[in-house]
1. Is there a residue being touching a strand residue (DSSP E or B) at 6+ places or on another chain (Cβ under 6 Å), at pLDDT 95 or above and not in a strand (DSSP E or B) anywhere in the range 137-153?
2. Which of the strands (runs of 3 or more DSSP E) contained wholly in the range 165-241 include at least 1 residues that are free of Cβ contacts under 8 Å to residues at least 24 places away in the same chain, outside the structural domain of residue 81 (by TED's automatic domain parsing) and under 20 Å from residue 130 (Cβ atoms)?
3. Would you say residue 262 is buried (at least 18 other Cβ atoms within 10 Å of the Cβ), under 24 Å from residue 88 (Cβ atoms) and at pLDDT below 95?
4. Just give me the residues in the range 106-158 being surrounded by 15 or more Cβ atoms within 10 Å (Cβ to Cβ), closer than 17 Å to residue 78 by Cβ and under 16 Å from the mean Cα position of the chain (by Cα), in sequence order.
């Protein structure tokens, strides 16, 4: 038999069954496309209860950005250092600094940038940071530019259980044959019963004109005894009376500081 279209044939029952199956498959495929939208990969949602996001720091106040009081860099020693001071009546922490090395012509030295971290800076306090320079030993350096790129501001009462730390009774050994010597000191905490969370020690050495001539950092990771010790090369112009070792602290807990809670969260 022929169908009722000119020149066509009437479809057999088996043909109709095949057409129905194809139509069903097309409908299923269309449903999948509709569910996936634009075809982006699907990601399963977590089945557990989501944990609360950590509390963020207070909105930074521009007037609480620390003041950079002095800087130093030496390509031969491949080190830099700087001192920063509080200008705020609040506690400043989560500090980040961009450190840029500048040549004598005032041009930034490519590839010599570094990001330095700071400690908890109490009102009226002063701290220091030091790091390694990524420059050639014969590179002439004109200056070190330090920019504050991040910090958080917190009320002082949140740190009521924190110890105030400083390094006292600085010592230096007798110079060895090549003129090298060791600089050390003793960590003092007030109150002495409070735990301390010193992240590193930072050595700043100056000459009689109060200009920084050497800086170095000593991490405390893995140390059970907080006892700073710095090997130092020959420094003929050093005025040891102007030498200082800073002891920046950072919280030892993910939770932000709160009244009555010490730096380790215990």
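The values are calculated or read from the model by the stated rules, or taken from the named source; none is laboratory data. From a predicted model like this one, the values you see are computed outputs, not experimental measurements. FYI the Cβ positions are ideal-geometry reconstructions off the backbone, even for glycines, and counts take in every protein chain you see.
1. Scanning the range 137-153, I find at least one residue that is touching a strand residue (DSSP E or B) at 6+ places or on another chain (Cβ under 6 Å), at pLDDT 95 or above and not in a strand (DSSP E or B), so the answer is yes.
2. Result: 212-219.
3. no
4. Scanning the range 106-158 gives 114, 116, 129, 130, 131.
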